[in-house]
Amino acid sequence: MALAVALSKLSTLGTSPIAAIPNVLSESFSRSIGETTIFFMVSLVALQQLIQLPKKAKDLFLLLSQLIPGVLFGSLINAYVSMLKPLIHWHSYALQLLTLLLSILILAIGVVIEVASDLIVMPGEGLPKTIAKTYQLAFPNVKLFCDINMVLVALILSFAFGHPFLGIREGILLATFLTGPLVSLIVYSQNRITKK
């Protein structure tokens, strides 16, 4: 999934919703997107704690354990951006779009693997999962709601920091509305293959 974020950032057509806020912070404060992603992941875990108010040590541990993949995620984004940046030179919009679509596919595969593993979730999936569980709502609806709100917050921040629409391009819309259906298609295909 870190590779997906790196590719979407390097496509310069906009990032995925989970990377939208870190991308605006990165560009506004001259920090790496990995650093701002780690900060954002910590913020998402803190928000989950406020929503859930864990009463048991086990629940608190499960929330805090999300920081492990969250920190690793931010670090890997930096590594992938550093590795790929010298290799990527855009000669056409079509290549940028192809890179973006590849990033969306990789992100969808990553989400399927993450959910199927049933281990520690990343804070980006942890927040909608916590909201869905706490308020007894359908996870897919809450996930889309969270993604849209992350894009809106990124948009507001981009204006607040004097960089209107920074990173908010067609790519973020494609990622927002294609990732979920791609995840569903992959899971559906996977289920058909395993039933044969």
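Read the figures in this text as sums done on the coordinates, not as results from a lab. In this text the structure is predicted, and so the values were computed from the model without any measurement. Cβ sites come from the backbone with ideal geometry, for glycine too, and all protein chains shown count toward neighbours.
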(request) Give me 83, 150 ranked fewest to most by other Cβ atoms within 10 Å of their Cβ, as a rough exposure proxy. (result) 83, 150
(request) In nm, give the distance between the simple-model label positions of residue 133 and residue 169, each being 7 Å from the Cα along the Cα-to-Cβ direction. (result) 3.8
(request) Please report 89, 163 as a ranked list, fewest other C-beta atoms within 10 angstrom at the top and most at the bottom. (result) 89, 163
(request) Would you look at the GNM of the chain, springs on alpha carbons closer than 10 Å, and say which of 166, 144, 50 moves the most? (result) 50
(request) Hey, for a label at residue 185 modelled as a point 7 Å past Cα toward Cβ, could you say which residues of region 100-123 have their backbone N under 17 Å away? (result) 100-113
(message) How large is the convex hull of the C-alpha atoms of region 2-195 per residue, in Å³?
(response) 127
(request) Grab the Cα-Cα distance for residue 59 and residue 160, subtract it from 0.36 nm times how many residues apart they are, and report the gain in nm with one decimal. (result) 32.8 nm
(request) Using R₀ = 35 Å, calculate the FRET efficiency as 1/(1 + (r/R₀)^6) where r is the Cβ-Cβ separation of residue 32 and residue 192; round to 0.05. (result) 0.30
(request) With 23 Å as the limit, write out which pairs from 58/133; 55/129; 143/195; 85/129; 56/143 have Cα-Cα distances beyond it, or answer none. (result) 143/195; 85/129; 56/143
(message) Cut-off is 10 Å between beta-carbons; in what order do 194, 12, 99, 37 appear when sorted fewest neighbours first?
(response) 194, 12, 99, 37
(request) Could you pull out every whole DSSP H run in the chain that spans at least 15 Å of Cα extent along its own axis and averages -0.5 or higher on the Kyte-Doolittle scale? (result) 17-29, 33-52, 67-84, 93-117, 139-160, 170-195
